[in-house]
Amino acid sequence: MSHHQLQARELSFTYPDGHRALQDVSFCVSPGESVGIIGSNGAGKSTLLLHLNGVLRATAGEVRVQNVPITAATAAEVRRAVGMVFQDPDDQLFMPTVFDDVAFGPINMSLPTHEVQSRVEAALARVGASHLATRPPYRLSGGEKRAVAIAGVLAMAPSILVMDEPSDGLDPAARRRLINLLKGFDHTKVIATHDLDLVLDVCSRVLVMHHGRLEADGTPDVIFSDSVLLERCHLELPLSRQRQ
């Protein structure tokens, strides 16, 4: 499934108002890795994610997918490999029915009708949402919307899943279903989140962002054992670690 390498090289980005959101960020994600990106509000997590499939373009430095730099000319190709799940599912769900929403990407890839049908059915089944196919998205719960948004990305058959706060607003049962779903994916995953327990459950590597810089890069055990780092970056231990 996952065969694309994802690499940021001295990535910097400044918003039009002059705010420098990213400063010289460099890292490489190997095929099949599950990487969590953590940091306090304003650390640059969401801005970084928006560079990983070309929604934002770097002020300096670059992002490469399988050694292809993301440019205006390569963006469409890159987005077939890197699927983005936004923080708010309503940013992705806009069609009359769930089926139409999940089919939107494959249709715009100019796939034949039978292939679109097959991809939609497989993606909805993968996230446990086949029964929602005829429902209008606005009638769904938060957890159902999240599942359908993920299905819409899966239907594009990406190698890499990039997710911004996937557990945000979910009740405990929906959150657990999401975690189990993510753990079952073979895709390379890059997940920005404040949910540090989700990081422990799903990710084998953690990037710590602070004031737009990559402050640390290591395993969850190493990162969450470094009390000085956590305090400096205004982070706390995952709740499960606080009880130990």
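Say whether the condition of being without any contact (Cβ under 8 Å) to a residue 40 or more places away in the chain and in a loop (DSSP other than H, G, I, E, B) is met by at least one residue in the stretch 146-156. If you could, list the steps in order and put the result at the bottom.
First, the residues of the stretch 146-156 that are without any contact (Cβ under 8 Å) to a residue 40 or more places away in the chain: 147.
Applying the additional criterion that residues be in a loop (DSSP other than H, G, I, E, B) yields none.
Scanning the stretch 146-156 turns up no residue that is without any contact (Cβ under 8 Å) to a residue 40 or more places away in the chain and in a loop (DSSP other than H, G, I, E, B).
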Check your understanding: Looking at the stretch 78-98, which of its residues are surrounded by 15 or more Cβ atoms within 10 Å (Cβ to Cβ) and not in a loop (DSSP other than H, G, I, E, B)?
Key -> V78, R79, R80, A81, V82, G83, M84, V85, P89, V98
Practice item. Within the stretch 104-124, work out how many residues are touching a residue at least 40 places away in the same chain (Cβ under 8 Å) and more than 20 Å from the chain's Cα centre (by Cα). Key: 1
**Study point:** the stretch 14-31, residues that are touching a residue at least 60 places away in the same chain (Cβ under 8 Å) and either more than 13 Å from Q66 (Cα to Cα) or in contact with a Pro (Cβ under 6 Å, 6 or more places away or on another chain) (or both)
**Key:** R20, A21, L22, Q23, D24, V25, S26, F27
Check your understanding: Counting only residues that are crowded, with 21+ Cβ neighbours inside 10 Å and in a helix (DSSP H, G or I), how many does the stretch 117-140 have?
Key -> 6
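Yes or no, residue by residue, for (1) surrounded by fewer than 22 Cβ atoms within 10 Å (Cβ to Cβ); (2) at pLDDT 95 or above; (3) among the hydroxyl-bearing types (S, T, Y):
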{"residue": "Q7", "(1), (2), (3)": "yes, yes, no"}
{"residue": "V63", "(1), (2), (3)": "no, yes, no"}
{"residue": "A76", "(1), (2), (3)": "yes, no, no"}
{"residue": "G105", "(1), (2), (3)": "no, no, no"}
{"residue": "S110", "(1), (2), (3)": "yes, no, yes"}
Check your understanding: Restricting attention to the stretch 176-191, which residues are among the basic types (K, R) and without any contact (Cβ under 8 Å) to a residue 24 or more places away in the chain?
Key -> R176, K183
Practice item. Go through F13, F27 for me and flag whichever is of a type in the set (F, W, Y), modelled with pLDDT of 95 or more and more than 19 Å from I160 (Cα to Cα). Key: F13
Practice item. Give me the pairs, please: first residue somewhere in the stretch 65-86 and within 22 Å of D186 (Cβ to Cβ), second residue anywhere and among the basic types (K, R) and surrounded by 15 or more Cβ atoms within 10 Å (Cβ to Cβ), beta-carbon distance under 9 Å, and either six or more positions apart or on two chains. Key: V85/R146
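Where in the stretch 167-241 are there helices (runs of 4 or more DSSP H), lying wholly inside it, with at least 3 residues that are crowded, with 17+ Cβ neighbours inside 10 Å and touching a Gly at 6+ places or on another chain (Cβ under 9 Å)?
Values: elements: 172-184, 196-202, 220-224, 227-232.
Hits in the stretch 167-241: 172-184, 196-202.
The values are calculated or read from the model by the stated rules, or taken from the named source; none is laboratory data. This is a predicted model, so every value here is computed, not measured. Glycine gets a Cβ as well: all are built from the backbone with ideal geometry, and neighbour counts include every protein chain shown.
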